[in-house]
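Below is one structure, written out as C-alpha cells; the observations come after it.
The values are calculated or read from the model by the stated rules, or taken from the named source; none is laboratory data. All of these numbers come straight from a predicted model, not from anything done at the bench. Here the Cβ is made from the backbone with ideal geometry for all residues, glycine too, and neighbour counts use every protein chain on show. All accessible areas refer to the heavy atoms of the entire protein, side chains included, with ligands and DNA or RNA removed. Shrake-Rupley method; radii C 1.70, N 1.55, O 1.52, S 1.80 Å.
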Amino acid sequence: MASRPPVPLELVLRIRATLTRLPECYEEDAWTGVRWRVRQATVAHVFGGEDQLFRLTFRAEPDEVLAFRHLGEPYFVVGGNAVGLLLEQLVDWEEVAELLTDSYCLQAPARLVALVDRPEPRD
C-alpha cells in the first residue's frame, strides 16, 4: 500500500493565512495532514492521498454541495455537507479563502460568525 505524503508547508501556510484570522479557529495535526477547528467542529482538513495528490475538505451549504457535485473535478463530495477540492498547480486562492470562510461560518457558533468580515461573493 502506498503511503500518504506529508502536506507541503506552502499549502499549510496558504490555508493557515485564511483560517487562523477567524475567531477561535485553531490548527492541529489530524490523523493525516492538518486540520482547523472551531470549538470541536472541523472547519477544514488538508491531507495527502495514497495517490500522492493533495486534497482540502471543508463544509458547504446543501445547495452548494449539489453544485460541487455537478462541477466535478477538481471538486468532490465527501458526504453530508462535506466537500473537497483537489489541490492542483493552478489553485484560485481567493476562491479557497471564500470557501474556507463559508465553512467556518457553518461550523462556528452564531456569536463568533457575527464577528467575521465575510468577503463579497464574486460573480
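Amide H contacts of Ala30: Arg35, each under 5 Å away and 5 or more positions distant or on a separate chain (H built 1.01 Å from N in the peptide plane; Pro and chain starts excluded).
Taking each DSSP H run with n ≥ 4 as -39500 (n - 2.57) and averaging over every residue of the chain yields -9500 deg cm²/dmol at 222 nm.
Net charge of the neighbourhood of Arg69, taken over other residues with C-beta under 15 Å away and scored Lys/Arg +1, Asp/Glu -1, is -3. Distances between placed amide hydrogens fall under 5 Å for Leu87 paired with Phe54, Arg55, Leu56, all partners being 5 or more residues away or on another chain.
Inverting the pair-averaged 1/r between distinct Cα atoms of the chain gives 14.7 Å as its Kirkwood hydrodynamic radius. If you take the Cα centroid of the range 58-123 and the Cα centroid of the range 12-31, the two points sit 15 Å apart. Based on protein heavy atoms only, the chain ends up with 59 Å² per residue of surface accessible to a 1.4 Å probe.
Of all the accessible heavy-atom surface of the range 1-114, with the other protein chains kept in place and a 1.4 Å probe, what percent is carbon and sulfur? Using a 1.4 Å probe with all protein chains present, the range 1-114 comes out at 53 percent carbon and sulfur. For the range 14-56, the alpha carbon convex hull comes to 62 Å³ per residue, rounded to a whole number.
Computed on protein heavy atoms with a 1.4 Å probe, the accessible areas place Trp31, Trp36 in the order Trp31, Trp36, largest first. Computed from label points 7 Å out along Cα-Cβ, the spacing between Glu73 and Ser3 is 2.7 nm. Does anyone have the angle between helix 62-71 and the longest principal axis of the chain? Alpha-carbon axes, 0 to 90°, nearest 10? Taking Cα atoms only, the helix is inclined about 30 degrees.
Coupling constants for the range 3-12 follow from the phi torsions by the Karplus curve (6.51 cos²θ - 1.76 cosθ + 1.60, θ = phi - 60°), and in residue order they are 8, 8, x, x, 6, x, 3, 4, 5, 4 Hz; glycine and proline get x. Taking the longest Cα principal axis of the chain as reference, the axis of helix 93-107 is set at about 60 degrees.
Taking 0.36 nm per residue of separation and subtracting the current Cα-Cα distance, fully stretching the chain between Val113 and Glu88 would add 6.0 nm.
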